[in-house]
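The values are calculated or read from the model by the stated rules, or taken from the named source; none is laboratory data. What you see is a predicted model; the values in this text were computed from it and never measured. Areas reflect the complete protein model, heavy atoms only, side chains present, ligands, DNA and RNA absent. Shrake-Rupley method; radii C 1.70, N 1.55, O 1.52, S 1.80 Å.
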Amino acid sequence: GTFFPKTLEVAAGARVVWHDQATQHTVTSDQGLFDSGILSPGQEFAFTFAQPGAYPYHCTLHGAPGGVGHSGTVIVR
């Protein structure tokens, strides 16, 4: 599995919604800012990014911090 897109650019204040389409996953901030808990297919998780910066995240079941495995980054401008 993978997050798509792997890198997402948004404006400050944007609300990003992840939709789980297959198997169980988490959306977990590498920096400890957010954690969806385990999502099942059909469930979603949302987070609002208020401040500019790079926000790497991963699935705790299929990836790890630092871009390992099932991971992605939200870039906030």
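Values as computed for the structure displayed
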quantity: For region 32-77: rounded, prolate or oblate by the Cα gyration tensor [a/c cutoff 1.5]; calculated: oblate
quantity: Solvent-accessible area, 1.4 Å probe, carbon plus sulfur percent, for the chain; calculated: 54 percent
quantity: Distant-in-sequence amide H partners of residue 27 (H built 1.01 Å from N, under 5 Å); calculated: 36, 37
quantity: Convex hull per residue volume in Å³, alpha carbons only, for the chain; calculated: 73 Å³
